[in-house]
1. Using mean Cβ contacts within 10 Å as the protection proxy, how do 32-45, 8-21 order, highest first?
2. Using θ = phi - 60° and the Karplus curve 6.51 cos²θ - 1.76 cosθ + 1.60, what whole-Hz ³J(HN,Hα) does each residue of segment 40-51 get, with Gly and Pro shown as x?
Amino acid sequence: MWTVCDARADDPTLVTISRRHGCSVAATVLQWNLQRGVTVIPATLKRSELEENLSLMPTLGAGSENALG
């Protein structure tokens, strides 16, 4: 199993890309995999990270905020 930790959250290239787009390194890696057609299963315990993850998924983004409770 691959995790965002494998991508090194302190990688200068990923940090630069993330800052340019105003998101976290995890969101950058998630979006990159989604664009490549890779099935991803994001996991988090933080509501803010969950909302960020959902905003990247076009099939879940609209109306999915109701699932957050």
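Coordinate-derived values only; no laboratory data. The structure presented is a predicted model; accordingly, all values stated were derived computationally and were not measured. As a convention, Cβ positions derive from the backbone with ideal geometry for all residues, glycine included, and neighbour counts pool all protein chains shown.
1. Numbers: 32-45: 10.9, 8-21: 12.9.
Those peptides, ordered most packed to least, come out 8-21, 32-45.
2. 10, 10, x, 10, 7, 9, 9, 4, 4, 6, 4, 4
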